[in-house]
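So the structure is just underneath, and the comments pick up after that.
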Amino acid sequence: MLNIYKGLPISYDTSIDSIGDSEIQVHSNKHQLTCFYYQGISYLQDDELPFIIRSQVISLNLAKESAIFSNFEAVKNNIGNRTQIRVEPDEPLIASIQFDGSISEILAPMADISAGGASIYFDAYMFPARLSQPGNELTMTISLPDSVSHKIKKLSQKPNIETRKSNLSSRTNNLSERLDGKITITTRGRVIAIQPEFQLKRYRVSVRLFFKDLSRMVILQYISQRQTEIIQDLRILSDELYSRKK
């Protein structure tokens, strides 16, 4: 079974205990069961299945570490094939985006970030449909929290580190430390996908980003830190859930 928790894939081997006419009962790890409880869904994947199956949680038995699923539907296989770890930010990260061919910058909250890209949200009323088409190129500036900047401060002070503002036509990216202690990264990117989220009245735009050198090191440090925090958060949720159910 596979769940995506705050951007991280949570997946443990799961055994099928029984199969009914329209449901299955499975036995799994308590952290996976915690995802079942809070998310209400999970994805069933196996080498012998031609596709990944989305399933809905019908009931949970924490004492027996089992769950019953129903309402199955096939989904795209790329759900379980992420090549890089993505993490959702804990505190809001606002990206500044300037699309090629546009003179104005757009501020948008980030949905997640990886070493090779990011997703950003645009409210429906301000969605730049023409500029956000897949293949369109852009320049993105991201400011990361103090906790990351402190860890790489010594690296950023080494000689020959480029800190001047990026030229929008350049393919390289720059890193600078602001007065508030945050690290600001400017990099080039390309739109790769658009996903409308009509119920939330917004669009999710996925962007391939070209981090290099020290900028990439900063991003990897942030991802590693968030990964640790997310796993710890899941453990706390799991402990709290099981303590309430005793």
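Remarks
- For L8, L200, order by how many other beta-carbon atoms lie within 10 Å, fewest first: L200, L8
- On full extension, the segment bounded by A124 and I19 gains 33.5 nm, given 0.36 nm per residue less the C-alpha separation.
- Computed across region 1-43, the Kirkwood radius stands at 10.9 Å (inverse of mean 1/r, all Cα pairs).
- Neighbours of H27, meaning other residues whose beta-carbon lies under 12 angstrom from its beta-carbon, give a summed charge of -1 when Lys and Arg score +1 and Asp and Glu score -1.
- Cα coordinate range in region 1-139, projected on the principal axes (Å, largest first): 60, 32, 28
- Dipole moment magnitude, nearest 20 debye, region 2-80 about Cα centre, only Lys, Arg, Asp, Glu C-beta charged: 420
- Net charge, T139 excluded, C-beta distance under 10 Å - Lys, Arg +1, Asp, Glu -1: -2
Here, each number is a calculation from the coordinates, and none is a lab measurement. What you see is a predicted model, and the numbers here were worked out from it, not measured in a lab. For neighbour counting, all protein chains shown are included, and Cβ atoms are generated from backbone atoms with ideal geometry for every residue, glycine included.
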